[in-house]
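The values are calculated or read from the model by the stated rules, or taken from the named source; none is laboratory data. Values in this document were obtained by computation on a predicted structure and should not be read as measured data. When we count neighbours, we look across all protein chains shown, and the Cβ atoms used for this are built from the backbone with ideal geometry, even at glycine. Side chains are part of the model used for accessible areas, which takes the heavy atoms of the whole protein and leaves out ligands, DNA and RNA. Shrake-Rupley method; radii C 1.70, N 1.55, O 1.52, S 1.80 Å.
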Amino acid sequence: MLRYTLTDHPLIQHKLSLMRDMNTGSKEFRELVSETSMLMCYEAMRDLPVKEVDIQTPLGIAHSKVISGRKLAFVPILRSGLAMTDGVMNMIPAAKIGHIGTFRDPETTGTVGYYCKLPRDIADRATVIADVMLATGGAACEAIRLAKEAGCTDIKFICIIATADGIAKVNETHPDVNIYCAAVDDGLNEDAYIVPGLGDAGDRMYGTR
Ligand code: URA
């Protein structure tokens with residue numbers, strides 16, 4: 001059985017439909033990725049621990065709550081995860097940001113991490129790794145592996161569109177990592193693109209094709 005959380009709020013579904021539309025241009029596509037990521041981050045942070053505090057308001061003491069526990073780190077996977085950064089950082093502005101880049105080795109067909117720059121204290125932080133598409137699961141698994149190698153023990157993975165195979169691979173390789181996605185699509189084509197998906201997310205957001 002696949003383990004993931006579908007963040008299917010109507011606002012997210014609406015924005016996803018606009019992203020899928022091949023007539024949506026780069027500027028609007030980037031804005032939609034950012035807005036959707038903000039809404040997904042809001043849902044994914046639902047279980048953040050809070051502690052009770054007494055706050056002096058102008059009229060008295062309010063028994064209130066603030067987020068407690070670990071500080072946060074956000075790690076987009078290059079390239080498309082980059083466009084998720086603004087939206088996520090709107091929700092968790094104190095988070096530190098790392099970056100991970102991966103590529104698919106055509107000889108071994110394995111995924112290789114070629115870039116990894118993480119906050120120095122990431123081992124002490126709850127970490128959110130993000131990519132727009134969870135296709136084969138190769139990039140996600142490699143990014144999670146690199147974060148764990150740096151000491152992370154508390155990791156969530158946020159993506160916008162996933163496949164069942166991608167989710168299964170992350171579930172099997174990293175059973176401790178919770179996955180949040182807005183849609184699970186049919187599968188992959190022969191070029192490992194998600195169908196129907198939204199095309200190449202990096203190309204669509206940066207106009208590179
Ligand atoms: N990466 C993309 O940008 N799109 C896909 O469909 C799969 C991986």
Subject >> Solvent-accessible area per residue, Å², over the chain with all protein chains present [probe radius 1.4 Å] >> reply: 53 Å²
**OP:** Determine ³J(HN,Hα), in whole Hz, for all residues of segment 189-194 in sequence, where each value follows from phi through the Karplus function 6.51 cos²θ - 1.76 cosθ + 1.60 and θ = phi - 60°; x replaces Gly and Pro.
**Re:** 8, 5, 9, 6, 8, 6
Original post:
In segment 1-104, what chymotrypsin sites (Phe, Trp or Tyr not before Pro) fall in a loop by DSSP, with at most 16 other Cβ atoms inside 10 Å?
Top reply: none
Original post:
For the chain, with equal point scatterers placed on the C-alpha atoms only and solvent neglected, what are the log10 I(q)/I(0) values from the Debye formula at q = 0.09, 0.14 1/Å, to two decimals?
Top reply: -0.35, -0.80
Original post:
So, with +1 on the Cβ of K and R and -1 on the Cβ of D and E, and no other charges, what is the size of the charge dipole of the chain about its Cα centre, to the nearest 20 debye?
Top reply: 640 debye
**OP:** Keeping the other protein chains in place, figure out the carbon and sulfur percent of the accessible area of the chain, with a 1.4 Å probe.
**Re:** 53 percent
Original post:
Can you give the longest stretch of the chain with no exposed loop site, where a site means GluC sites (Glu not before Pro) in a DSSP loop (not H, G, I, E or B) with at most 10 other C-beta atoms within 10 Å?
Top reply: 1-106
**OP:** For segment 6-14, take each phi angle, set θ = phi - 60°, evaluate the Karplus expression 6.51 cos²θ - 1.76 cosθ + 1.60, and give the result in whole Hz per residue in order, putting x for glycine and proline.
**Re:** 8, 9, 10, 4, x, 5, 5, 4, 5
Original post:
Relative contact order (percent) for segment 5-206, with alpha-carbon contacts under 8 angstrom and 6 or more residues of separation?
Top reply: 21 percent
Original post:
Running Debye on segment 95-198 with equal point scatterers at the Cα sites and no solvent, what base-10 log of I(q)/I(0) appears at q = 0.20 Å⁻¹?
Top reply: -1.02
Original post:
Of the cross-linked pairs LYS117/LYS169; LYS15/LYS156; LYS71/LYS169; LYS96/LYS148, which ones have a Cα-Cα span greater than 18 Å in the structure shown?
Top reply: LYS117/LYS169; LYS15/LYS156; LYS71/LYS169
**OP:** For THR102, enumerate residues with amide H under 5 Å from its amide H, sequence gap 5+ or separate chain, H modeled in the peptide plane.
**Re:** LEU78, TYR114
Original post:
Cβ under 14 Å from CYS116's Cβ, CYS116 left aside: what net charge do those residues give with Lys, Arg +1 and Asp, Glu -1?
Top reply: +2
Original post:
Which aspartates and glutamates, on any chain, are close to LYS65 with Cα under 15 Å apart, when same-chain ones fewer than 8 places away are left out?
Top reply: ASP47, GLU52, ASP54
